[in-house]
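Asks: Can you read through this structure? Questions will come right after.
The values are calculated or read from the model by the stated rules, or taken from the named source; none is laboratory data. Owing to the predicted nature of the structure, the values given are computational and were not obtained by experimental measurement. Don't worry about glycine lacking a Cβ; one is built from the backbone with ideal geometry, like all the others, and counts go over all protein chains shown.
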Amino acid sequence: MKKLNVILWYLPLCFFIFLAIFIFVKFIFIFFFNTAFEPGFMFDLTPYYLLSGVNNLHLLLLSLIVVGFNAYLHFKISRKNLILSFIPTGFLLAGLGFKIAIQEMEISNVLHYLIFGFLLVIVLVDHRHILIFPEITMSFEKEKIVKPKPIIAKIKPQTELEKPSDYISANEILALHKETISDLRSILKDDLRRAKDLLEELEHRTRKIDILEEEIRNRKYDTIPQQISFTCPYTSFFDKQYYTDVKSNRDKSTVELIKEKQIQEENFNIDKYVGCAAIIKRGIIKEVNSSFAELLGFEKEFLLKKSLFNFVAPEGLFKIEEYYLKKLRGDKTNSYKTILLKNDNGKIQVEIIMKPINFYSEIADIAIIKELK
């Protein structure tokens, strides 16, 4: 903030000095070398261009005088000079403002708009400086300056720097909070240890469930010949009828039916699924669709072959543990609520619905993720 105040303090002075030098150089080249009368804003800095008997050289000289006087007032800085500087600045604004009002908006006139806007900023800066400038007499008469007599102060030698009574060193602060810091460290270590144990337990239980599902899958394939004899068509998890006509399938062998079923399941494209979805095998992400990757803020390739538990917040692991305990007890629940971690370290509450599928002839789960508002 202090650096900004210093920049604003010198901004008007630098601008008017630069503008005065620029106009002076252009005046020399135009008067002695007959160069082009450009740029046009130099002749519109004062309203005198409205008079018919004034040529461009006169207008350029008048602009140089007004800008130079304004630069002088900002060089001899005082509250009175800042107030007086509004007069030449007003001349410049009046000339450019009337020119902008009567001419068409074109790219060739962009300098008029830039100089006019910069002058408005300088008016605001000067007004701010007047408000914060030290109070002085506003009379235009010559002020009497009284020089105060210098005061000679005796320097008292000091052997040691005296510390304030309420001074507390950093070591004392650490000593006061040493026990609190150690307690916090122990609590964090315990939480990390519990989270790690919970992850290992979840992976162990996931493997158990996969073994049970593999046995169920094998038993299901063993019963395919008996299912063909019934009149009901065999339907997979995705509600696709693999055997629409039982009579036409009677001539096919059991091996052929199983291969047809596997081919249809392996050709399933998860990107066609509307919503967030991922294929999970033993806790490892095998496939994800674009919606799920956008939800977490990661690239699809980054999520693959990663454990789903890596993207679960520590407070959400307990819901997953409860879900797998219910599955081991034989409950038919297939969903649980948890908290996922996003790429920007944000957290999002979701509901995950797990359903078994065949993924390249192996047991896997498709996780359907629904965001909870």
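Asks: Answer yes or no: is there a residue in the range 25-40 that is of a type in the set (Asp, Glu), in the same structural domain as Trp9 (by TED's automatic domain parsing) and closer than 24 Å to Ile122 by Cα.
Replies: The answer is no; no qualifying residue exists.
Asks: Which pairs have Cβ atoms under 7 Å, sit 6 or more apart or on different chains, and link a residue in the range 331-353 that is within 25 Å of Glu301 (Cβ to Cβ) to one that is outside any strand (DSSP E or B) and charged (D, E, K, R)?
Replies: Listed by first residue and then by second, the contacts come to Thr338/Lys319; Ile339/Glu315; Ile348/Lys342.
Asks: Being outside any helix (DSSP H, G or I) and under 17 Å from Glu203 (Cα atoms) narrows it down to one residue among Thr338, Thr333; which is it?
Replies: After ruling out the rest, the residue left standing is Thr338.
Asks: Can you report the number of residues in the range 279-322 which are in contact with a Phe, Trp or Tyr (Cβ under 9 Å, 6 or more places away or on another chain), in a helix (DSSP H, G or I) and without any contact (Cβ under 8 Å) to a residue 24 or more places away in the chain?
Replies: Number of matching residues: 5.
Asks: Still on this structure: Which condition breaks for Gln264 when tested against (1) buried (at least 17 other Cβ atoms within 10 Å of the Cβ); (2) at pLDDT below 75; (3) part of a helix (DSSP H, G or I)?
Replies: (1)
Asks: Check whether at least one residue in the range 178-195 is in a loop (DSSP other than H, G, I, E, B), among the acidic types (Asp, Glu) and either surrounded by 10 or more Cβ atoms within 10 Å (Cβ to Cβ) or at pLDDT 85 or above (or both), and report yes or no.
Replies: no
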